[in-house]
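Asker: The structure is given below, and queries will be raised subsequently.
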């Protein structure tokens, strides 16, 4: 019999990694439409530390009110413990994975032994990969997928008037900045799978890794500014984004597109218009059907998620310290089992 409490990582205030507390917390109760999952592994993502430190990168008017204590995290892999009466398609004992309630925050999130997940956000775990690799996938892979292949939702983007539209990749030249990171290393693989020629931008230590994933060319950003040497690109996926993403406008051919994964701070709309290129972004959203689709690619080995490092759930603060050091190759994972 499962008790009414569980171990979880919660925070009671904003701050650095030291505010993350491994402690007893109420076990979430299933609501209609939900599945209770016993978590085996958790994927660590940038929104985790954005929330932890109080969304300092957002304008004050966009910073949400957070009801403390809060549990961080979105990406989980585990086993179905129980289901609401109105849920079909899953059974107790199924191995599943999900990106839980993103974008949102609250008491039932990922850094915990148990989490309730809306059934629409859940998919069967690809049987060919373990829980840690499955937990590493959802946010990064759904981000790359929704930017590059299929948006999967109709939610408006407050940063742009038009709906984000992925572009055809077959036969195109795609430059991916931040190619070794969580989103970047999956974007490289998706672009190659769809028939693109890929130029990967990262630091020199990642060159062999990215060529193994399919990169046709490599630029070491510590030695060369990509925007100074590359021209006539069809699509730039800037997995770093931010205020400096506009430097890639000059690399694009007329009719090309720049997709900044983190678009806040971009100020080159007028230059983009003059150059005849599109700049577009979206916010990734939970989608169980898409996870089922990409899960088949993970199971077949067509796409693979690389793990940078692993930490116990109790050591979530150490995982956040690792993230703060940067130069992450793939994903950071928390072990819960």
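The values are calculated or read from the model by the stated rules, or taken from the named source; none is laboratory data. All values reported here derive from a predicted model rather than from experimental measurement. Virtual Cβ from ideal backbone geometry, glycine too; neighbours counted across all protein chains shown.
Asker: Could you tell me whether residue 258 is in a strand (DSSP E or B) and within 20 Å of the chain's Cα centre (by Cα)? Break it down into steps so the answer makes sense when it comes.
Answerer: Values: in a strand (DSSP E or B): yes; within 20 Å of the chain's Cα centre (by Cα): yes.
Here the answer is yes, as residue 258 does meet what is asked.
Asker: Restricting region 169-193 to residues that are in contact with a strand residue (DSSP E or B) (Cβ under 9 Å, 6 or more places away or on another chain) and in a loop (DSSP other than H, G, I, E, B), which is nearest to residue 326 (Cα to Cα)?
Answerer: 181
Asker: Any idea which residue in region 287-304 is surrounded by the fewest Cβ atoms within 10 Å (Cβ to Cβ), counting only those that are more than 15 Å from residue 99 (Cα to Cα) and in contact with a helix residue (DSSP H, G or I) (Cβ under 9 Å, 6 or more places away or on another chain)?
Answerer: Residues of region 287-304 more than 15 Å from residue 99 (Cα to Cα): 296-304.
With in contact with a helix residue (DSSP H, G or I) (Cβ under 9 Å, 6 or more places away or on another chain) added as a condition, the list becomes 297-298, 302-304.
Values: 297: 17, 298: 23, 302: 13, 303: 24, 304: 17.
Ranking the qualifying residues of region 287-304, first place goes to 302.
Asker: Moving to a separate point now. Among the residues of region 64-84, count how many are under 17 Å from residue 28 (Cβ atoms), out of contact with any helix residue (DSSP H, G or I) (no Cβ under 9 Å at 6 or more places or on another chain) and part of a loop (DSSP other than H, G, I, E, B).
Answerer: Final tally of qualifying residues: 3.
Asker: If you don't mind, another one. Would you please list the contacts, defined by Cβ atoms under 7 Å and residues six or more apart or on different chains, that run from a residue in region 140-153 that is over 12 Å from residue 185 (Cα atoms) to a residue that is modelled with pLDDT under 95 and surrounded by fewer than 22 Cβ atoms within 10 Å (Cβ to Cβ)?
Answerer: The qualifying pairs are 146/152.
Asker: Also, quick follow-up: In region 258-277, is there at least one residue being buried (at least 23 other Cβ atoms within 10 Å of the Cβ), farther than 19 Å from residue 188 by Cβ and touching a helix residue (DSSP H, G or I) at 6+ places or on another chain (Cβ under 8 Å)? Outline the logic, then answer.
Answerer: Just the residues of region 258-277 that are buried (at least 23 other Cβ atoms within 10 Å of the Cβ), to begin with: 258-261, 277.
Checking the rest, the ones that are also farther than 19 Å from residue 188 by Cβ come to 277.
If we keep only those that are touching a helix residue (DSSP H, G or I) at 6+ places or on another chain (Cβ under 8 Å) too, we end up with 277.
Yes, that holds for at least one residue.
Asker: Examine region 85-98 for a residue that is within 26 Å of residue 240 (Cβ to Cβ) and assigned to a loop (DSSP other than H, G, I, E, B), and state whether such a residue exists.
Answerer: The answer is no, given that none of the residues of region 85-98 is within 26 Å of residue 240 (Cβ to Cβ) and assigned to a loop (DSSP other than H, G, I, E, B).
Asker: So which residues in region 308-322 are touching a helix residue (DSSP H, G or I) at 6+ places or on another chain (Cβ under 6 Å) and either in a helix (DSSP H, G or I) or at pLDDT below 95 (or both)? Walk me through it before giving the result.
Answerer: From region 308-322, those touching a helix residue (DSSP H, G or I) at 6+ places or on another chain (Cβ under 6 Å) are 309, 311, 317, 320-321; that's our starting set.
The answer is 317, 320, 321.
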